[in-house]
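The values are calculated or read from the model by the stated rules, or taken from the named source; none is laboratory data. Here the structure is a predicted model, which means the values were calculated and not measured. Backbone-built Cβ (ideal geometry, glycine too); neighbour counts: all protein chains shown. Surface accessibility is based on the protein's heavy atoms, side chains included, excluding ligands, DNA and RNA. Shrake-Rupley method; radii C 1.70, N 1.55, O 1.52, S 1.80 Å.
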Amino acid sequence: MKSDIILAGVGGQGILSIAATIGMAAVDNDLHLKQAEVHGMSQRGGDVQSHLRVSSKTIASDLIPRGKADLILSVEPMESLRYLPYLSSQGWLVTNTTPFVNIDNYPEMDEVLAKIKEQPRHIAIDADKIAAEIGSKRSSNIVMLGAASLFIDIAFEALEKGINTIFERKGQKVVDLNVEALRAGRKAAEAIKAQLN
Amino acid sequence: MQKLLLLGDEAIAQGAIDAGMSGVYAYPGTPSTEITEYIQGSKIAKERNLHSKWSSNEKTAMESALGMCYAGKRSMTCMKHVGLNVAADAFINAAITGVNGGFVVVVADDPSMHSSQNEQDSRVYGKFAMIPILEPVNQQEAYDMAYTAFDLSEKHNVPVMIRLTTRLAHSRAGVVRKPLLEERETSLPKDPTQFVLLPSIARRNYKSLLSTRPDLEKVSMESEYNQYIDGTDRSVGIVACGLAYNYLMENFQDRELKHPVLKLSQYPMPRKAVERMIEECDEIVVLEDGYPVIEELLKGYQEAGTPVKGRLDGTLPRDGELSPNNVAAAFGLSYEEGADVPDLVEARPPAMCKGCGHIDAYQALNIALEQYGPGRVFADIGCYTLGALPPYNAVNSCVDMGASITMAKGAADAGLLPAVAVIGDSTFTHSGMTGLLDAVNEKTPITVIVSDNYTTGMTGGQDSQALGHLEAIIEGIGVDPEHIRVFKPTAANLDEMVNIIKEEFAYEGVSVIIPRRQCIQTMRNKSLVQKVKELGL
């Protein structure tokens, strides 16, 4: 298997927790993994991305070449579009629809959503709403991971286990909420994908 | 053996711990910070009581590490590339003293300037100091190199540099550990004059350093980190330094690579391998992240002999980091790229956090400066540098650690009044104190704003050496206590802040204004909150 994933968002939105969860699951399954993160200045509200590569074979580059990503997983709608040059012609774009507006010139939401809908293979869900419904607003990143899990060739149970490991030190309640968020995200994406088919 | 999932930075930290290192000394700086943070959180490091507390700056860190090496223990110092400028005096001279315990200098470069003001290549410094440089290709090699670098240092009596770049420093992959070694016992250098760099002794030591050259080249030739992979198509030979080797191989996953490749991860260059490539290949392409260091070396000034291609002739971009794509382009390999970025996507620059105290301080400063016009605020390195961006447009310089105070001084000397410096508490103790002394000695009319948030914010909230004694330091340097003004920067205090700043503009001497409020990113750091409480701040 091979999954080249661009994780996208804004500094502080928790894409590193997504990366860490997939990373744990990959290592547990004896898969090769390389995950390039952005630390430092951009984490202060700037656009951030992580290149996450999982493969059953040795991985050469820490960065995904443009045009080679199998998946863009974005926790913010405008940010999902910033990395289109990386997406392969067969790749999926999976994004949250709740914007993170911290700039004055944020584009019109209708136009952003229209652009996302133009993409041949996309799943757009309101992860913030789903996270709020299960009573864990801060878990919208994990909702998005759940949605994207449809397109990542790692057993769903392994991701659940990854959540357990990553959030363990924050207590069982946080673990449970995030597992619920993961499942809710997957369910939402499954529903949309079923309609597409 | 169980693989650990580690950042390149963390792999270096784990490698050093396992090699029996007794202490790390560092000042935070992206992308090097996580090395020291990993050691601070390591169980083994705690059990062994390894030194890992932050230093005031890279120079004090380098010198403390050298002192530990003098005392016979293995020591390490870590910094970002520009940090090595601060520590350069100690660094170059440590090559002349040589070592007792193994001494490793880790420098994380930042090509493409993700979080930096330049993209200088630390290999130039390593060459300048004439010491071995290790440049890991991946996380495992980063671990292995940190593990073996101390041996190399002790065996050849030189400091060893490990150079990595952002993409490896901040990329995670599986790493297999080696056995944990014992720390070394404390011991004095065999020759009591070794570290006394009086001219007569320095000349002797320098000759000794020069004499290591052939040995180091031989070690590079035999190093497992350097490999000559022969190929049938000798029209082109490829030298791939450090991480660049990955980008090369990424492009040959589904294609056969027929050209000879020199994977180069240990310097000085393995002379015989390079000579072989020059002799056997029609031309050479050099792939290196950073400056065209090896390319220039191979090319020489006269450009005679085998043609060398790389960043200098446009085969690769002259600046910015390498990527799988620009390496592909260098070999004329094309790919189907994804769609363009839609026009509606706007830039999202980093910004100060909502509720940050720096913002309130800038709002007051901007109002106080209205009557004087723009162009008179010299800032420094930290979150507050973001005050240069809209909507604040509050600062006019950001050059190097500490430069705010001294540049304000020079501008005031030139008649630009009022001249204002803006510096954070941690940057002030890093490199601001000496400049303040210059201004105090000449009673230069400058207004220094030390925006105090009790932490080193931009790098993620590390300890600030100023905590608990900022006013004492400033008073000790000689600033009149009446002109050290402390207030809490909040929207409610705006008028008071503006008045204080205006009053100090009117004073014809050195004023230090301290807007003081805890960094909101550190509010969950219980021990810091407790400490601030205990200090009564």
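A few remarks follow.
- Computed over chain A, the quotient of the alpha carbon radius of gyration and 2.2 N^0.38 Å is 0.95.
- Counting heavy atoms of the protein chains alone, A:Arg82 has an accessible area of about 40 Å² for a 1.4 Å probe.
- Based on the convex hull around the alpha carbon atoms, segment B:69-110 presents an average projected area of 2.7 nm².
- Antiparallel beta bridges, as assigned by DSSP with both residues in the protein assembly as shown, represent about 30 percent of the total such bridges.
- Average beta-carbon neighbours from other chains, 10 Å sphere, peptide B:332-338: 5
- Contact surface A-B: accessible area buried, both sides summed, square angstrom, 1.4 angstrom probe: 4000
- Over 28 Å between alpha carbons, listed pairs A:Lys2/B:Lys263; B:Lys53/B:Lys531; B:Lys502/B:Lys526; B:Lys46/B:Lys178; B:Lys43/B:Lys354: B:Lys502/B:Lys526; B:Lys43/B:Lys354
- Among B:Asp109, B:Asp360, the order of accessible area from largest down is B:Asp360, B:Asp109, computed with a 1.4 Å probe on protein heavy atoms.
- Stokes-Einstein diffusion coefficient of segment B:3-211, Kirkwood radius over Cα pairs, 20 °C, 1.002 mPa s, in µm²/s: 129
- Compared with the dominant principal axis of the Cα atoms in chain B, helix B:357-369 is inclined by about 60°.
- The mean number of Cβ atoms from other chains found within 10 Å of a Cβ in peptide A:46-56 is 2, as a whole number.
- Sorting B:Trp54, A:Trp92 on solvent-accessible area from highest to lowest, probe radius 1.4 Å, gives A:Trp92, B:Trp54.
- Compactness ratio for segment A:50-120: Cα radius of gyration over 2.2 N^0.38 Å (N = residue count) comes to 1.24.
- Rg over Rh [alpha-carbon atoms, Kirkwood Rh] for segment B:461-537: 1.01
- Percent of Cα-Cα distances greater than 28 Å, calculated over chain B: 60
- Along each principal axis, taking the top coordinate minus the bottom one, the Cα set of segment B:357-535 gives 46, 35, 29 Å in descending order.
- Bridge type composition, chain A - antiparallel percent by DSSP, nearest 5: 50
- Under a model in which nothing but the beta-carbon of Lys, Arg (+1) and Asp, Glu (-1) is charged, the protein assembly as shown shows a dipole of about 1520 debye around its Cα centre.
- Shape box of segment A:88-145 [Cα atoms, principal axes, largest first, Å]: 36, 31, 15
- From the Kirkwood radius over Cα pairs of the protein assembly as shown, Stokes-Einstein at 20 °C and 1.002 mPa s returns a whole-number translational diffusion coefficient of 78 µm²/s.
- Average partner coverage of A:109-115, which counts Cβ from other chains inside 10 Å: 2
- Computing FRET efficiency as 1/(1 + (r/R0)^6) for B:Ala202 and A:Asp126, where r is the C-beta to C-beta distance and R0 is 56 Å, gives about 0.25.
- Long-range Cα-Cα pairs in segment B:359-411 (distance over 18 Å), rounded percent: 27
- Along each principal axis, Cα extent of segment A:119-197, largest first, Å: 40, 26, 17
- Over all pairs of different C-alpha atoms, segment B:227-330 has a mean inverse distance whose reciprocal, the Kirkwood radius, equals 13.6 Å.
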